[in-house]
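The values are calculated or read from the model by the stated rules, or taken from the named source; none is laboratory data. Everything numeric here is computed off the predicted structure, so don't read it as measured data. Heads up, the Cβs are rebuilt from the backbone with ideal geometry, glycines too, and the neighbour counts pull from every protein chain shown.
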Amino acid sequence: MTTKFGFTLMSIQEFETWIDARQLARTVLTIQEHHTYSPAYTQFNGSNHFALQQGMKNYHVNANGWSDIGQHFTTFPDGTIMTGRSLEKSPACVVGQNANAICIENLGNFDSGKDAMTPAHRDTIIRITAKLCKRFRLPVNTNSIVYHHWFDLSTGERNNGTKNNKTCPGTSFFGGNKVADCVANFLPLVTQAGAPAAPVISASAVLKYVSVTASSLNIRTKPNASSPKATDRDAAALGAILRVYKETNGWYKISGSQEHWVLGKYTTDVKRATVKADTLNARSGPGTTFQKLGSYTKGQELFIVKEQNGWCKVNMDDRWVSKDYLVFA
């Protein structure tokens, strides 16, 4: 592994070990697949990984006004992987769909007639997706693994590529960018690579879920403010959903295996829910008279931070959905 500019470059084998050792406070529900479009294969010379990654960060920060590079990981034509923004932060990749997501940018233009994906790149894309599913106990389906193409560019509404959508991750990405293409061509490969076909239930019972209300929340090794900060994980970011396994004197233990604690007053309780309607509209306020901002699809999981008159506010998104179409865990 090599680190430069705050990014770490590694092989897929190194990544599979590295991600197992990472401690993450934020709850992950979704893996997003993207292609960079530009830079494409013609800009990659086999040794300029860091220059290309730094260029993407500069564009995201200076042109888009984001706080950091948008993605968590970039995969390259030679099969290597580079880290991006902190895993404790939501990505900046799909409007209205970034909470609880991990974003993978696959370097290249995988639209028809453009870059022909190398065997090494193909193998890494499959394996990184499978490893993330296994690491975060995600089922291999089209609610856990999503393509940018399926979401409206302006609203984030999931329309499966029928309206104002990018082609991302490419019209030739593993046989196509539609939901049916993903189901037929990509998901079986992810399952074969070792990802769970169904959710894996953690042995440690989660007491509840909370959302971070501070801009940055320190994680400590004991339930008191004088204890050292945890050194094996970053601070939890605003809006991150944390799993609470134990509560002691206002402190929450947020790991089932490590002594990692946060002060509860900098969080708010949330409820985990699953969409039961085929399509559930999201609105700007608690009622049907408010503007439609997008939609969620059946089986998609949401975290609810507030309820009002039969409507539920989705954590950090300023979007409201009808409680009638949710099933609570």
>> Given the condition out of contact with any Gly (no Cβ under 6 Å at 6 or more places or on another chain), basic (Lys, Arg) and not in a strand (DSSP E or B), answer yes or no: does some residue in region 233-249 qualify?
In response: yes
> Within region 169-185, restricting attention to residues that are buried (at least 22 other Cβ atoms within 10 Å of the Cβ) and touching a residue at least 60 places away in the same chain (Cβ under 8 Å), which residue is farthest from residue 39 (Cα to Cα)?
Replying inline: 173
> residue 96: touching a strand residue (DSSP E or B) at 6+ places or on another chain (Cβ under 7 Å), of a type in the set (Gly, Ala, Ser), buried (at least 21 other Cβ atoms within 10 Å of the Cβ) and on the phi > 0 side of the Ramachandran plot, yes or no?
Replying inline: yes
> Could we say that residue 190 is of a type outside the set (Asp, Glu), surrounded by 20 or more Cβ atoms within 10 Å (Cβ to Cβ) and either part of a helix (DSSP H, G or I) or touching a Leu at 6+ places or on another chain (Cβ under 6 Å) (or both) here?
Replying inline: yes
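Considering each of 273, 282 in turn, give the residue that is touching a residue at least 40 places away in the same chain (Cβ under 8 Å), in contact with a Cys (Cβ under 8 Å, 6 or more places away or on another chain) and not basic (Lys, Arg).
Details: 282 fails: in contact with a Cys (Cβ under 8 Å, 6 or more places away or on another chain).
Selected residue: 273, the only one of 273, 282 that is touching a residue at least 40 places away in the same chain (Cβ under 8 Å), in contact with a Cys (Cβ under 8 Å, 6 or more places away or on another chain) and not basic (Lys, Arg).
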>> Could you list, ordered by first residue, the pairs with Cβ atoms under 8 Å in which the first is in region 1-14 and assigned by TED's automatic domain parsing to the domain that holds residue 48 and the second is part of a helix (DSSP H, G or I) and of a type in the set (Ser, Thr, Tyr), at least 6 apart or interchain?
In response: 12/124
> Among 240, 193, 235, which is the only one that is in contact (Cβ under 8 Å) with a residue 60 or more places away in the chain and touching a helix residue (DSSP H, G or I) at 6+ places or on another chain (Cβ under 9 Å)?
Replying inline: 193
> Got a number for residues in region 6-47 being modelled with pLDDT under 95 and in a helix (DSSP H, G or I)?
Replying inline: 2
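So, in region 55-70, exactly how many residues are over 16 Å from residue 39 (Cα atoms) and either assigned to a helix (DSSP H, G or I) or among the charged types (D, E, K, R) (or both)? Working first, answer last.
We begin by selecting, within region 55-70, every residue over 16 Å from residue 39 (Cα atoms); these are 61-62, 64-68.
Cutting the leftovers down to either assigned to a helix (DSSP H, G or I) or among the charged types (D, E, K, R) (or both) gives us 61-62, 68.
Going through region 55-70 one residue at a time, the tally reaches 3.
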>> Show the residue pairs meeting these rules: Cβ distance below 6 Å; 6+ apart or different chains; first residue within region 309-329 and assigned by TED's automatic domain parsing to the domain that holds residue 101; second residue in a strand (DSSP E or B) and at pLDDT below 95.
In response: none
>> Can you tell me which condition residue 86 does not meet? The list is (1) among the hydroxyl-bearing types (Ser, Thr, Tyr); (2) more than 30 Å from residue 259 (Cβ to Cβ); (3) in a loop (DSSP other than H, G, I, E, B), and all the others hold.
In response: (2)
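If the requirement is being surrounded by 19 or more Cβ atoms within 10 Å (Cβ to Cβ) and at negative phi, which of these qualifies: 297, 268, 288?
Working: 268 fails: surrounded by 19 or more Cβ atoms within 10 Å (Cβ to Cβ); 288 fails: surrounded by 19 or more Cβ atoms within 10 Å (Cβ to Cβ).
Only one candidate qualifies: 297.
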